[in-house]
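Asker: Before I ask anything, here is the structure I am working with.
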Amino acid sequence: MDNSHGGAKVWFIGAGPGAEDLITVRGAKIIGEADIIVWARSLVSEEILEYASEDAEVVESTDIPLEGVRTVYERAAREWLRVARIHSGDPSVYGAVMEQIEVCEEVGLDWEMVPGVSSFSAAAAAAGRELTVPEVAQSVILTRRASRTPMPSGEEIESFARHGTTMAIFLSAAKPRELEHDLMEGGYPPDTPCVVVHRASWPDEEVARCRLSELGETVRSMSINRQAMILVGPGLDSYGTRSHLYDPEFSHMFRRGSDASVSDLTDNVEAR
């Protein structure tokens, strides 16, 4: 983008799911160089601010509407300031970032997005599961249940459940029994494995495993209604399906197929 205000710029930084060391090196570096840091205490660990310089101005945005953030961006454009706008997880997923980008463009302020680790990735890591198991589930659907923010037509939980693959469900812990019903109504069997991860990568992280028919009861027993990632799908407890990546019968540009023995392949590696 054309930077008509010299050094003035906003970086929308994905700070990761919680742990301060899950931010990217790029994101941490930009925070350290920022004049103003905008962050939400309710979603982002305060330890993230340790990357900031001592001279940086910190704006806590939990209770600030878009109009308040606009004031910060207008000032940045006017005074040629660098702003680090810190988002939880990755700003491209439920980040409410597009409306802020529109403000930047309205006030003539340059901007850039810095990706981060999403909570669905952190939840899979906490559960110790691969979400794409060969011949079981090769797609991951990122979605949420309708609440005060409605879902577009055709994006209801029941519609996605018909695919039968892995689903990572955001922002849906407040009504787990309704979610359980919607998933089974869409076609998941009652014994479909589920993983509920509360505050993935935070010090108080909780992980619970259950079957879909137990999802509502499980979430209620954890006494949570927010900051939870719910993973659903047959791949979450699937074992024994071998990936083609390490199959000796499978050829790709770096390896011959079944005509090469394991010893031949080992010799080739050692020869290098």
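Values in this text are rule-based calculations from the coordinates and carry no lab data. From a predicted model like this one, the values you see are computed outputs, not experimental measurements. Glycine gets a Cβ as well: all are built from the backbone with ideal geometry, and neighbour counts include every protein chain shown.
Asker: How far, in nm, would the chain grow between LYS175 and ASP237 when pulled straight, counting 0.36 nm per residue and subtracting the alpha carbon separation?
Answerer: So the chain would gain 19.9 nm between LYS175 and ASP237.
Asker: Which length gain, in nm to one decimal place, applies between SER153 and THR62 when the Cα-Cα distance is subtracted from 0.36 nm times their residue separation?
Answerer: Between SER153 and THR62, full extension yields an extra 29.7 nm.
Asker: Explain nothing, just the number: relative contact order of the chain, from Cα pairs under 8 Å at least 6 residues apart, as a whole percent.
Answerer: So the answer I get is 18 percent.
Asker: For VAL69, VAL25, what ranking results if the residue with the fewest other Cβ atoms within 10 Å of its Cβ goes first?
Answerer: VAL25, VAL69
Asker: Do you know the relative contact order of the range 43-179, to the nearest whole percent, from alpha carbon pairs under 8 angstrom that are 6+ apart?
Answerer: Relative contact order comes out at 17 percent.
Asker: Of all DSSP beta bridges in the chain, what percent run antiparallel (nearest 5)?
Answerer: 45
Asker: If you take the beta carbon distance between GLU205 and THR71 as r and set R0 to 51 Å, what does 1/(1 + (r/R0)^6) give as a FRET efficiency, to the nearest 0.05?
Answerer: With a Förster radius of 51 Å, E is 0.90.
Asker: Report the extension gain between GLU47 and GLU105 in nm, rounded to one decimal, defined as 0.36 nm multiplied by the number of residues separating them, less their alpha carbon distance.
Answerer: Additional length available on full extension: 17.8 nm.
Asker: Can I ask one more? Hey, of (i) 188; (ii) 144; (iii) 126, which did the structure itself give for volume of the Cα convex hull per residue in Å³ when calculated?
Answerer: Answer by label: (i).
Asker: Also, I was wondering about something else. Under 5 Å between amide H atoms, partner at least 5 residues away or on a different chain: which partners does ALA19 have, H built in plane at 1.01 Å?
Answerer: Under 5 Å from the amide H of ALA19 lie the amide H atoms of TRP202, each far enough along the sequence or on another chain.
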